[in-house]
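*Asks:* Dropping a structure here in structure tokens format, bear with me for questions.
Just so it is clear, none of the values below were taken in a lab; they were calculated from the coordinates. It should be emphasised that the depicted structure is a prediction, and the values quoted were computed from it without experimental measurement. FYI the Cβ positions are ideal-geometry reconstructions off the backbone, even for glycines, and counts take in every protein chain you see.
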Amino acid sequence: MKDLYHIIPTGIGSIEFDIAPGVQGRDREVGLIDQTLPPQNCRLRLSDISPPGDPDARRYKSLRETIAALLLLEDLVSWKAVREVHLIVRRKLALNAVINTLTAILNCRNGDLFQHPFVVGILDKICVEASRSYFHTSVLSIWPDHGVPEPKDRDSLLEFIKLVDHINPDKFHCSTHSLAPPDYLCPELDPDPPFIVGCSAGVGRTGTLFALSSLLHNYGFLPSAQPIATAIIHESPLGPLPKDDLVLQEIDSLRERMVQRIE
């Protein structure tokens, strides 16, 4: 803003919105998991707000027409799933919290922050801390106790496992080399430490997360700083296991090491 009524926009924004779940329990995102369509064609649909012949059509008439009008602005407005908007809002909150604070302290423009290596380190650490908090609440909501993730949430679960693998190394907690670049691997710290997983019983979700992480490392989808141990600790009560079935070997090994059994 140069002066009163003289504003220079820095860019063209966008509007991303969701529809909050209603008390009626209607799934307005069922179009994302429509198994009659190819995955690339699954999308949010107006018909899921109020389908043809809906006895409650009058209740949802205003909502459906409002969404339809917004979607006419294709280049400006996009309808997202609730979980996507939650993530967008959280990212924006974390970004504003760190960017606005640092620009005020250093008295500089946003883009100038990246010219200072120590500031980049601060940005990285704050983003990691925010990710831990946000993904903890996200995974709890998409993976309920005594349940399984919905098909539409599988990608989010995979991203969560990748995030754990990214933030778990001790490089983010090196106080000796606080001014080093974010990707600096301190030789005094463990680059591939074990991670701790817990859920209400420590059986179903915990075991599944362990197994997924281990298998992703085994198949090379996640990097590993240490050799992967593939040997089974105890002889399986099931008898000899196929050597080429890593999934069965992994689950059997985990079952032998847990007080309770993986569901």
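*Asks:* Would you please put 82-93, 105-116 in order of how densely packed they are, using the mean number of other Cβ atoms within 10 angstrom per residue and starting with the highest? Mind showing how you got there, number by number?
*Replies:* On the way: 82-93: 14.5, 105-116: 11.1.
Taking the mean over residues of other Cβ atoms within 10 Å, the ranking is 82-93, 105-116.
*Asks:* Compute log10 of I(q)/I(0) for the range 46-126 with the Debye formula, placing one identical point scatterer on every Cα and leaving out solvent, at q = 0.13, 0.18, 0.22 Å⁻¹, to two decimals.
*Replies:* Debye curve over Cα of the range 46-126, log10 I(q)/I(0) at q = 0.13, 0.18, 0.22 Å⁻¹: -0.64, -0.83, -1.02.
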